[in-house]
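Peer 1: Below you will find the structure I want to go over with you.
The values are calculated or read from the model by the stated rules, or taken from the named source; none is laboratory data. Just so it is clear, the structure is predicted and the values come from calculations on it, not from any experiment. Using ideal geometry, Cβ is built from the backbone for each residue, glycine included, and neighbour counts are taken over all protein chains shown.
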Amino acid sequence: MKKSIAIFAIIVSFLTFTACSKEKNANSSNVEKNSKIQVVVSFSPLENLVRYIGGDKVEIKTLIPTGSEPHEFEPKLKDMKLLNESKLFIYNGLGIENWVDKTLGNINKDSLEVVNSSKSIKPIKIAEKGDANHGKYDPHIWLSLKSAIKQSENIKEGLVKVDSSNKKFYEENFKKFKEKAEKLYGTYREKLSECKNKNFVTGHAAFGYLCRDFNLKQSSVEDVFQEGEPTPKKIKGLVDYCKRYNIKTIFYEENVSPKVSNTLAKEVGGKIKKIDTMEVNKKDKDYFDIMESNLEKIYLSLK
Ligand SMILES: [Zn+2]
């Protein structure tokens with residue numbers, strides 16, 4: 001009995017806010033001409049990219065709170081409300097947001113444009129079959145300059161669809177993004193191709209696409225989804241790997257405990273160094289500053 005009352009209450013509140021948001025959409029068409037485009041992104045790396053393409057024409061809201069695992073997220077009623085009131089929803093894709101299909105099935109999509117930012121990017125397969133929590137692909141596309149160009153293009157297309165009057169603005173921003181990304185790629189392609197060593201060690205396996213761009217190889221303490229305490233056997237394997245390739249820098253990320261990385265560094269007479277996967281939100285940081293810093297650190301560790 002109690003359960004059915006609760007369900008009824010949820011249905012009523014859902015209908016109420018749907019009705020409200022519809023009314024609001026009808027009334028706000030005049031206001032919208034002067035206000036920013038409401039864009040919702042799933043998690044923080046996309047915020048970095050959307051800020052580049054959308055500039056001051058957009059207001060970005062991020063669904064997944066800083067530091068939370070994207071696949072463990074479950075949208076709440078307030079998130080559904082936010083999506084119902086927004087123009088554009090951009091998600092990463094490749095299975096990192098396994099809640100997306102279900103969520104989009106439950107909202108009014110008439111007024112919401114949806115962009116899967118991984119569209120047309122060749123995915124890296126990490127498992128034959130995905131499970132309930134993860135897909136079968138590595139989702140870390142934003143850490144590759146080449147993939148980020150494609151992501152930004154998908155974002156640009158979404159923005160043009162919902163705000164065609166600013167088409168030129170978005171296209172120019174995308175052009176600038178592409179030029180900057182290609183320039184940085186060219187610089188590090190040359191620098192990294194001079195390094196004999198191509199192997200490095202990170203906290204979790206986030207750099208698969210970056211490695212594909214530059215013909216490098218990563219090994220990591222934790223897997224792509226930051227799961228599983230490394231076994232003594234795994235740690236020993238990493239120690240051997242570092243010794244074999246003379247690796248003295250062990251990278252770690254903000255959202256991964258540096259404990260094992262520290263042990264590893266001590267074991268091989270090296271040091272730990274922080275690298276940024278953009279999975280922890282830092283609003284003041286620029287995409288290219290982070291990428292250049294990452295690439296320079298990787299280059300110095302391989303030199
Ligand atoms: Zn990650």
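Peer 1: Counting only residues that are of a type in the set (Ser, Thr, Tyr) and more than 22 Å from Lys87 (Cα to Cα), which one in the range 124-173 is farthest from the chain's Cα centre (by Cα)?
Peer 2: Let us first name the residues in the range 124-173 that are of a type in the set (Ser, Thr, Tyr), namely 137, 144, 147, 152, 164-165, 170.
Those left that are additionally more than 22 Å from Lys87 (Cα to Cα): 137, 144, 147.
Details: Tyr137: 14, Ser144: 11, Ser147: 11 Å.
For the range 124-173, the residue satisfying everything is Tyr137.
Peer 1: Turning to a different aspect of this structure: Could you please give the count of residues in the range 148-166 that are assigned to a helix (DSSP H, G or I) and in contact with a Leu (Cβ under 9 Å, 6 or more places away or on another chain)? Let's see the steps before the verdict.
Peer 2: Let us first name the residues in the range 148-166 that are assigned to a helix (DSSP H, G or I), namely 148-162, 164-166.
With the extra rule that they be in contact with a Leu (Cβ under 9 Å, 6 or more places away or on another chain), the set shrinks to 148, 151-152, 155, 158-159, 161-162, 166.
Qualifying residue count for the region: 9.
Peer 1: Answer yes or no: is there a residue in the range 275-287 that is more than 15 Å from the ligand (Cβ to nearest atom) and either of a type in the set (A, V, I, L, M, F, W, C) or in contact with a Pro (Cβ under 6 Å, 6 or more places away or on another chain) (or both).
Peer 2: no
Peer 1: Here is a further query. Of all residues in the range 112-123 being within 15 Å of the chain's Cα centre (by Cα) and part of a loop (DSSP other than H, G, I, E, B), which is nearest to Ser152 (Cα to Cα)?
Peer 2: Initially, the range 112-123 is screened for residues within 15 Å of the chain's Cα centre (by Cα), giving 115-119, 121, 123.
If we keep only those that are part of a loop (DSSP other than H, G, I, E, B) too, we end up with 117-119, 121, 123.
Values: Ser117: 8, Ser118: 10, Lys119: 11, Ile121: 11, Pro123: 16 Å.
Filtering the range 112-123 for residues that are within 15 Å of the chain's Cα centre (by Cα) and part of a loop (DSSP other than H, G, I, E, B), the one nearest to Ser152 (Cα to Cα) comes out as Ser117.
Peer 1: I need the helices (runs of 4 or more DSSP H) fully contained in the range 27-107, keeping only those with at least 1 residues that are within 22 Å of Lys156 (Cα to Cα) and touching a residue at least 24 places away in the same chain (Cβ under 8 Å). Walk me through it before giving the result.
Peer 2: Details: elements: 29-32, 44-54, 77-85, 100-105.
In the range 27-107, the matching helices (runs of 4 or more DSSP H) lie at 44-54, 77-85, 100-105.
Peer 1: Has the range 226-242 got at least one residue that is modelled with pLDDT under 95, at negative phi and under 21 Å from the mean Cα position of the chain (by Cα)?
Peer 2: yes
Peer 1: Have a look at Ser68, Ser120, Ser111 and point out the one that is out of contact with any Gly (no Cβ under 8 Å at 6 or more places or on another chain), over 18 Å from Met278 (Cβ atoms) and modelled with pLDDT under 95. Spell out the reasoning first.
Peer 2: Values: Ser68 fails: over 18 Å from Met278 (Cβ atoms); Ser120 fails: modelled with pLDDT under 95.
Exactly one residue qualifies, and that residue is Ser111.
Peer 1: If a residue counts only when it is surrounded by 16 or more Cβ atoms within 10 Å (Cβ to Cβ) and within 16 Å of the ligand (Cβ to nearest atom), which strands (runs of 3 or more DSSP E) contained entirely in the range 197-256 have at least 3 such residues?
Peer 2: Working: elements: 199-204, 217-222, 249-252.
Result: 199-204, 217-222.
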